[in-house]
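So the structure is just underneath, and the comments pick up after that.
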Amino acid sequence: GGEISFKPDWLCHKARDVANFHFLFDSTRGVGKRLSSNASAAEGNASGLDSFDVGGFTVDHEASAQDMNASAHTYVAWNWKANGNTKSTLTSGTIDSVVQASTKSGFSIVTYTGDDQARATVAHGLDKAPEMIIVKNRDEAITGPAWAVYHAFNTSAPATDYLDLSTTGDTDDAETLWSDEVPTDTLVILGTADSVNSGSAHVMYCFHSVEGYSRLGSYVGNGVTSGDGTFIYLGFRPAWLMIKNSTAAGEWLLLDNARNPFNEVDIILNADADTKEADFETTNRNIDFLSNGFKIKSNAAGGTTATNTTNATYIYMAFAEAPFKYANAR
């Protein structure tokens, strides 16, 4: 199994050396329930994950590379702690929600059954408004979007817009996702889209920035290809980073310091695709993880994996390996 320093509540798992779906599990839904960020499919039953453990997780032996523990294949697992699978039912919204939240780390896992009503509200369990919200219909294979994403720094009116975690598409506009209302310190406001509020079961992951630990934001590319691209200040050294071009088609790029222990950071996976790991080094699209943020080194010829296209807006979510005062330059 995997070894980490805590018992995880949210596990994102991906085969690195072969094309295979992303597998997303959380302790609220249970180890037998799997979703894939690169697919519109409803929640499926799975046997690959045995348990969330103190200090990690346990996976089954699987004979196929399509699973989680095939012989001689390499994998990566990203883990978040919420509230140790301690759940509360919150009734302050028009829809009741089951929540496990860590207000300290700005992360909550929310499950609820939709009601198809405009301006429905769901309590998210945090003490600040979430800056990123990811919602998946668990019972149905919804498209447009399959995985609805709200990001507070996406546009000047982010509640009118959405992105889809399962596609490379750019920002689209729809009142039926968030009812054109930004989330509050207690509630997420939903529209009538089946993606977020059909009569089905849904799961919602909510995040907000926490000083020294996490940061959500956006930056505008400068198009420089000589190694002096945009610098993004975080206030900490990132350990995990997601970047998405929200202006045009772009992959949901996933980078981390486990697969890239030294700069330049150039080994990527895409949350929206089942493709195997790729190396930016061959395409001259490198990033440095610095003690107080990250720096885009180049842009190459653009495209869906570019990170610095001129005048393009990129949204990001970053998490630290340690608070800033303990971070060292790399």
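The values are calculated or read from the model by the stated rules, or taken from the named source; none is laboratory data. Computed from a prediction, not measured in an experiment: that's the story for all the values here. Quick reminder, even Gly has a Cβ in these numbers, built from the backbone with ideal geometry, and neighbours come from all protein chains shown. Areas reflect the complete protein model, heavy atoms only, side chains present, ligands, DNA and RNA absent. Shrake-Rupley method; radii C 1.70, N 1.55, O 1.52, S 1.80 Å.
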*Spin-label point model (7 Å from Cα, Cβ direction): what's the residue 233 to residue 127 distance in nm?*
2.6 nm
*If you place +1 on the Cβ of every Lys and Arg, -1 on the Cβ of every Asp and Glu, and leave all else neutral, what size is the dipole of the range 1-143 about its Cα centre, to the nearest 20 Debye?*
340 debye
_Can you compute log10 of I(q)/I(0) for the range 1-105 with the Debye formula, treating each Cα as one identical point scatterer, at q = 0.17, 0.22 Å⁻¹?_
-0.81, -1.22
*State whether the range 162-287 is rounded, prolate or oblate according to the following rule on the C-alpha gyration tensor (a ≥ b ≥ c being the square roots of its eigenvalues): a/c under 1.5 gives rounded; otherwise a/b larger than b/c gives prolate, and the remaining case gives oblate.*
prolate
_Please list 3J(HN,Hα) in residue order for the range 107-122, calculated via the Karplus relation 6.51 cos²θ - 1.76 cosθ + 1.60 where θ = phi - 60°; whole Hz, with x for glycine and proline._
9, 9, 10, 10, 10, 6, 10, x, 10, 6, 9, 5, 6, 5, 10, 10
_Sequence gap at least 6, Cα distance under 8 Å: using those rules, report the relative contact order of the chain to the nearest whole percent._
16 percent
*Which of the GluC sites (Glu not before Pro) across the range 201-277 are loop residues per DSSP, with 13 or fewer other Cβ within 10 Å?*
211
*Beyond 16 Å, what percent of the Cα pairs of the range 65-119 remain?*
60 percent
*asked:* With θ taken as phi - 60° and the coefficients 6.51, -1.76 and 1.60, list the Karplus ³J(HN,Hα) couplings across the range 43-53 in order, rounded to whole Hz; mark glycine and proline as x.
replied: 4, x, 7, 9, 10, x, 9, 7, 6, 8, 10
*asked:* For a test of the definition: using alpha carbon positions, the gyration tensor, and the 1.5 limit on a/c, classify the range 128-172 as rounded, prolate or oblate.
replied: oblate
*At what distance in angstrom do the alpha carbon centres of the range 112-134 and the range 225-283 lie from each other?*
29 Å
_the chain - Rg and Dmax from Cα coordinates, angstrom_ = 18.7, 54
*Amide hydrogen neighbours beyond the local backbone of residue 239, cut-off 5 Å, H modeled*: 319, 320, 321
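Write down the accessible area per residue of the range 25-169 in Å², having rolled a 1.4 Å probe over the full set of protein chains.
I get 39 Å² per residue for the range 25-169.
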*Computed E for residue 181/residue 249 - FRET, C-beta separation, R0 25 angstrom, nearest 0.05*: 0.35
*Each residue of the range 247-261 in turn: what ³J(HN,Hα) in whole Hz from Karplus with 6.51, -1.76, 1.60 and θ = phi - 60°, glycine and Pro shown as x?*
7, 9, 4, x, 5, 7, 7, 10, 10, 7, 8, 7, 7, 10, x
_Can you give me the % of accessible surface on the chain that is carbon or sulfur? Probe 1.4 Å, all protein chains present, nothing else counted._
48 percent
*Contour excess over end-to-end distance, with Cα ends at residue 115 and residue 138 and 0.36 nm allotted per residue*: 6.8 nm
*Given charges of +1 on the Cβ of Lys and Arg and -1 on the Cβ of Asp and Glu, with all other atoms neutral, how large is the dipole of the chain about its Cα centre, in debye to the nearest 20?*
880 debye
*Would you mind pulling out the separation of the Cα centroids of the range 41-110 and the range 146-187, in Å?*
24 Å
